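Read-outs: derived from the displayed coordinates by stated rules, not from any lab. Note that the structure is a prediction, hence the values are computed from the model and not measured. Cβ placement follows ideal geometry from the backbone for every residue including glycine, while neighbour counts extend to all protein chains displayed.
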């Protein structure tokens, strides 16, 4: 009986020791999260970028609407004259309509690409600075992980672990020249043109 009691005591002590070790390990880990989408929308540059993109989009949409109205007028005119036009005249008008329609599609594709490129450039610069801020917080304050929330990587975390508001404040308070330096370092270097060609060796003149 004494041996059984001793064995039980050893198991209990071992179990308590394991739980204490797990608790200490968990206490040593530090987690946080940042909602990047919220940060993009709420930092000052993000608000300005959003307003600028909307203004450009509205301007381009107005031009597209004008072309669409012209197309609709052409189509209405074509439908009205379809029965009275000669075959050649009808063919010419249909061809003119098709060209105008293709022009509209090309403009739409170009405008979408331009807006997407500008948006990627603007948001990319903001994200570069946000990444830098988050990295500094993690290094200085001993975080094990700082996760991104808006992509649903974090399903649950206590509100005290949310660093988004702090990141936004630090971003808005950072001097512009410091941001520019971070963005410059974050962007990939432009490909070099390759080594310069060596000057041609001068041939020896014959005697």
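Subtracting the Cα-Cα distance of residue 28 and residue 150 from their residue separation scaled by 0.36 nm leaves 41.3 nm.
Every Cα-Cα pair in the stretch 73-150 was counted, and those over 21 Å apart are 61% of them.
Order by neighbour count: 156, 171, 111, fewest other Cβ atoms within 10 Å first, most last. It would help to have the intermediate numbers written out before the result.
On the way: 156 4, 171 20, 111 17.
In increasing order of surrounding Cβ atoms, one gets 156, 111, 171.
Here, the stretch 116-170 yields an orientationally averaged convex hull projection of 4.5 nm² when only Cα atoms define the hull. How many angstrom separate the Cα center of the stretch 110-142 from the Cα center of the stretch 78-95? Spelled out, the Cα-based centre of one part sits 54 Å from the other. Under 11 Å from a label point 7 Å along Cα→Cβ of residue 115: give me every residue in the stretch 33-56 with its amide N that close. Answer for this model: 53-56. Calculate, in whole percent, how much of the Cα-Cα pair population of the stretch 32-185 lies beyond 18 Å. I get 69 percent for the Cα pairs in the stretch 32-185 exceeding 18 Å.
Just rank 169, 179, fewest to most, by other beta-carbon atoms within 10 angstrom.
Ascending number of Cβ neighbours within 10 Å: 169, 179.
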